[in-house]
Number of protein chains: 2
Amino acid sequence: MATEKIPYKIYLSEDEMPRTWYNVRADMKNKPAPLLNPGTGEPMGFDDLRPVFCDELIRQELDNDTREIPIPQEIRDFYKMYRPSPLVRAYCLEEKLQTPAKIYYKFEGNNTSGSHKLNSAIAQAYYAKQQGLKGVTTETGAGQWGTALSMACAYLGLDCKVFMVKCSYEQKPFRREVMRTYGASVTPSPSMETQVGQKILAEHPGTTGSLGCAISEAVEVATSNPGYRYVLGSVLNQVLLHQSVIGVEAKTALDKYGVVPDVIIGCAGGGSNLGGLISPFMGEKLRGERDYQIIAVEPKSCPSFTRGKYAYDFCDTGMICPLAKMYTLGSSFIPSPDHAGGLRFHGMSTILSQLYHDGYMEARAVEQTKVFEAAEQFARVEGILPAPESSHAIRVAIDEALKCKETGEEKTILFGLTGTGYFDMVAYEKFHNGEMSNYIPSDEELAESFARLPKVPGQE
Amino acid sequence: MATEKIPYKIYLSEDEMPRTWYNVRADMKNKPAPLLNPGTGEPMGFDDLRPVFCDELIRQELDNDTREIPIPQEIRDFYKMYRPSPLVRAYCLEEKLQTPAKIYYKFEGNNTSGSHKLNSAIAQAYYAKQQGLKGVTTETGAGQWGTALSMACAYLGLDCKVFMVKCSYEQKPFRREVMRTYGASVTPSPSMETQVGQKILAEHPGTTGSLGCAISEAVEVATSNPGYRYVLGSVLNQVLLHQSVIGVEAKTALDKYGVVPDVIIGCAGGGSNLGGLISPFMGEKLRGERDYQIIAVEPKSCPSFTRGKYAYDFCDTGMICPLAKMYTLGSSFIPSPDHAGGLRFHGMSTILSQLYHDGYMEARAVEQTKVFEAAEQFARVEGILPAPESSHAIRVAIDEALKCKETGEEKTILFGLTGTGYFDMVAYEKFHNGEMSNYIPSDEELAESFARLPKVPGQE
């Protein structure tokens with residue numbers, strides 16, 4: 001098969017689509033650290049998590065052992081609406097760069113949510129429905145996750161309540177309308193609908209909100225309304241599990257043509273797309289069957305891996321969620337408003353944090369304007385206007401391909417193109433107008449944030 | 001093959017992609033009427049059209065005889081970037097409607113221009129490049145065509161100058177930024193850059209522009225700058241020819257599974273997507289090999305087929321372009337500003353006009369709010385947020401499927417889903433807020449517009 005001409009786009013047939021998610025935790029010797037109860041400092045078990053999350057999702061969250069977890073038929077049917085996603089051979093980019101490298105990308109943007117988020121949204125909505133729940137609540141910043149969840153809930157006839165950070169709600173009215181098209185209720189956060197919202201508005205009238213505040217409101221509504229649960233679009237083990245459909249599809253498609261990547265690159269905010277993309281490859285690496293160079297790419301303005309501490313921290317700035325052990329800038333860290341490229345989360349998936357800590361992957365931080373340069377270069381030859389998030393991966397893929405041009409190496413590069421940038425044109429406009437800067441947090445700023453890390457037994 | 005389970009999405013392999021465009025004019029006994037010189041009333045030949053259009057495109061425009069026209073290899077390579085487009089079996093919509101009908105749609109929205117427009121944009125840009133031209137000029141309203149042309153020009157390294165109707169330029173800044181990402185120069189029209197723009201601004205200071213005015217500016221720049229030509233995104237015979245790639249792919253995919261559509265439905269503004277979709281099917285119908293019911297769908301607010309006159313008219317409101325014989329509401333007709341669903345062109349492709357006149361296809365006009373109802377219903381089960389234009393076809397496809405539910409007929413319905421609505425959320429918002437009305441032009445209004453039709457020898 002290896003000599004066959006590789007098409008521009010490799011689509012699996014429906015029969016070849018994954019029937020199981022790949023749980024990379026099964027291959028890890030050092031398992032990811034458990035979530036801790038912020039009050040007691042004790043690991044949280046099934047019963048502790050039930051008030052907030054759906055039962056089956058908690059089981060998946062806590063399952064460190066089962067390598068392959070079946071994808072229910074209903075979810076597989078939904079996946080067929082927008083999957084398999086294409087694995088694209090970037091012939092045009094290769095030619096433009098005049099590189100001997102072979103570049104592939106797995107493109108997750110061909111669905112209305114515009115990103116990979118839908119892969120986990122449908123799974124989380126499905127298990128909520130199975131449990132007989134009425135609905136789910138969540139928060140959204142830029143709106144991709146909220147859109148994905150709205151789509152999944154509309155399909156299953158589930159109520160969907162989204163708290164959207166107020167400044168996004170006002171600046172991205174189109175995202176809001178997409179969610180409304182899917183029947184979701186979208187509330188700007190902070191709102192008067194929750195106690196925590198009322199409290200924040202009383203203390204900070206006129207605030208434009210934050211993701212942490214929106215999480216707090218979503219959790220309050222979920223826990224105080226019977227038949228509702230809270231769902232989250234990244235960071236959690238379960239989300240990486242669902243996103244493994246990206247990696248399993250990519251690996252199946254490459255295997256069909258006998259292609260083995262040397263380098264695998266993904267952007268990393270909370271880590272769900274990168275974790276999903278690398279899962280089956282990382283499994284082989286952890287089992288010692290094959291080696292891959294795996295690179296996480298993050299913004300220099302929010303450098304969790306490259307400048308963060310590996311410590312227990314809150315997942316939310318509101319400090320109401322369980323503690324997770326991760327590379328973190330501190331839950332009080334807020335990226336500069338100048339930062340337009342997404343990936344704003346202060347922490348990182350515990351799975352990826354452990355793998356990074358154990359040396360199985362590396363990380364690079366890139367400057368914002370360099371990211372948009374790569375985005376534009378890519379758009380012009382590959383015809384896809386990429387999301388700023390995804391463009392972090394494009395940046396490093398191009399850098400690696402240019403290195404190959406210097407050395408003459410014919411490396412095979414695989415990267416994750418998580419989504420499209422159609423709702424991010426304000427950021428592109430800033431870039432075109434030369435109004436985009438490259439903010440980098442100072443050591444002092446980070447030290448201040450680190451000083452507020454929670455006290456946990458056994459942690460300095 | 002007919003018993004094989006049909007997948008949700010049928011993708012052709014690259015080998016199965018069309019090598020030729022299908023020129024339906026070859027099958028027409030009554031050929032479409034020629035373009036006339038507005039000054040002399042004489043048919044326009046190759047030499048008359050050269051100052052405005054590229055040579056090879058004029059040849060295609062005038063070729064009524066060659067049934068299959070080869071697609072150059074470079075264009076086929078570009079098509080591989082975003083084609084084949086999926087032919088989708090709408091299992092979820094069928095189930096939602098509880099219809100015995102089998103519904104298929106050809107989805108052209110999986111590219112950054114968001115629509116089928118790219119199919120002709122790359123062809124027109126390619127021939128301009130082949131001719132050694134420096135660049136092309138065009139107009140754009142909503143921005144899909146301008147975006148498509150920008151993408152094609154960026155790929156080929158061709159200069160691209162877009163005149164964007166001023167009100168769109170201001171209301172749709174994101175479309176403008178997408179075009180800028182592809183390196184196009186985008187000018188709000190009317191502008192001070194052209195004589196015609198200066199004249200209009202002097203007469204109507206503060207005007208927000210019109211498509212007709214933007215066409216005039218684009219033509220002026222093309223004809224007054226050496227190395228430039230004007231290109232157009234719909235209406236022309238050449239554009240229908242390029243768009244036949246939609247129909248040829250759709251037919252090849254259906255043939256693979258032994259499926260024969262009973263009804264073929266497409267929205268019609270200038271007619272390029274509908275003309276492209278139906279080309280090979282219409283060819284069979286014209287040759288008497290097979291019968292299909294073919295339905296053009298247009299807005300009740302801009303009803304060229306259903307209430308227009310079949311007459312020679314200007315293609316532009318500025319009255320500078322050649323005269324075309326078509327179903328027209330008169331070039332002075334302007335749809336109500338309340339109309340949000342696209343398809344605003346006053347006339348219709350001469351090919352489709354002739355076919356409609358000869359009884360080979362029928363037409364339906366639908367109300368705007370009914371169109372958005374269909375759009376929302378479709379989005380919720382099929383996961384694609386459709387363009388308002390495309391939703392006209394969805395409306396009638398749903399209506400036909402519901403008729404089958406009443407009669408028990410198992411008809412096979414094929415419709416064209418031309419694009420996505422990501423840049424049309426203002427219209428969706430109006431719909432969600434109950435602020436959308438159903439304007440229908442009065443007979444008096446149309447009579448006034450008809451009275452201004454140009455005087456042409458042999459035409460009443």
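What follows is calculated from the coordinates using simple rules that are stated; it is not laboratory data. None of these values were measured; they are calculated from a predicted model. Quick reminder, even Gly has a Cβ in these numbers, built from the backbone with ideal geometry, and neighbours come from all protein chains shown.
Assorted remarks:
- Ranked A:161, A:80, criterion: other C-beta atoms within 10 Å, fewest first: A:80, A:161
- By the rule of a C-alpha distance below 14 Å, with chain neighbours fewer than 8 residues away ignored, the aspartates and glutamates paired with residue A:117 are A:108, A:139, A:389.
- Using a Förster distance of 45 Å, the FRET efficiency for residue B:15-residue A:66 (Cβ separation, nearest 0.05): 0.65
- Other residues with beta-carbon under 14 Å from the beta-carbon of residue B:38 carry, at +1 per Lys or Arg and -1 per Asp or Glu, a net charge of -1.
- Exercise: per-residue mean of other protein chain Cβ atoms within 10 Å, A:378-388: 5
- Prolate/oblate/rounded call for chain B, Cα gyration tensor, a/c under 1.5 rounded: rounded
- Taking the fewest neighbouring Cβ atoms within 10 Å as the starting point, the ordered list for A:153, B:92 is B:92, A:153.
- Three-way shape label, the range B:150-203, alpha-carbon gyration tensor, a/c 1.5: oblate
- Rotationally averaged projected area of the range A:268-329 (alpha carbon convex hull; nm²): 5.1
- Per-peptide average of other Cβ atoms within 10 Å, ordering B:194-205, B:177-188, A:112-123, B:101-112 highest first: A:112-123, B:101-112, B:177-188, B:194-205
- The phi torsions of the range B:420-433, fed into the Karplus equation with coefficients 6.51, -1.76 and 1.60 and a -60° offset, translate into couplings of 9, x, 4, 9, 10, 6, 4, 5, 4, 4, 4, 5, 4, 8 Hz, rounded to whole numbers, with Gly and Pro shown as x.
- Built amide H within the under 5 Å cut-off of residue B:234, gap 5+: none
- Label-to-label distance, nm, for residues given as residue A:170 and residue A:284 (7 Å Cα→Cβ offset): 5.1
- Distant-in-sequence amide H partners of residue B:112 (H built 1.01 Å from N, under 5 Å): A:385
- Label separation (residue B:185 vs residue A:437): 3.2 nm, computed from points 7 Å beyond Cα along the C-beta direction.
- Charged neighbours of residue B:237, selected by a Cβ distance under 9 Å, balance to -1 (K, R count +1; D, E count -1).
- Average silhouette area of the range A:81-135, convex hull of alpha-carbon atoms, in square nanometres: 5.0
- The angle between the Cα long axis of helix A:272-286 and the longest principal axis of the Cα atoms of chain A comes to about 60 degrees, rounded to the nearest 10.
- Ranked A:430, B:251, B:285, criterion: other C-beta atoms within 10 Å, fewest first: A:430, B:285, B:251
- Note on the range A:136-237: Cα Rg divided by 2.2 N^0.38 Å, N the number of residues, gives 0.99.
- Each stretch of four or more DSSP H residues adds -39500 (n - 2.57); spread over every residue of chain B, this sum gives -12500 deg cm²/dmol at 222 nm.
- Applied to the range B:203-213, the Karplus parametrisation 6.51 cos²θ - 1.76 cosθ + 1.60 on θ = phi - 60° returns per-residue 3J(HN,Hα) values of 6, 10, x, x, 5, 9, x, 8, 4, x, 5 Hz, with x for Gly and Pro.
- Debye intensity ratio in log₁₀ form over the Cα atoms of the range A:196-293, taken at each q of 0.22 Å⁻¹: -1.10
- Of B:31/B:455; A:9/B:134; B:9/B:300; A:106/A:256; B:9/B:129; A:5/B:256, pairs whose Cα-Cα distance is over 26 Å: A:9/B:134; B:9/B:300; B:9/B:129
- Close amide H pairs (under 5 Å, H built 1.01 Å from N) link residue A:20 with A:71, residues at least 5 positions away or on another chain.
- With 10 Å bins from 0: P(r) over the range A:294-442, alpha-carbon pairs, percent: 11, 37, 34, 16, 2, 0
- Descending principal axes extents, the protein assembly as shown, alpha-carbon based, whole Å: 95, 64, 60
- The range A:383-394 - phi-based ³J(HN,Hα) in whole Hz, Karplus 6.51/-1.76/1.60, Gly and Pro as x: x, 10, 7, x, 5, x, 4, 4, 5, 4, 5, 4
- The range A:46-149, relative contact order [Cα under 8 Å, separation at least 6], %: 23
- Histogram of C-alpha separations across the range A:1-128, 10 Å bin width, %: 10, 28, 30, 20, 9, 3
- Contour excess over end-to-end distance, with Cα ends at residue B:459 and residue B:48 and 0.36 nm allotted per residue: 145.7 nm
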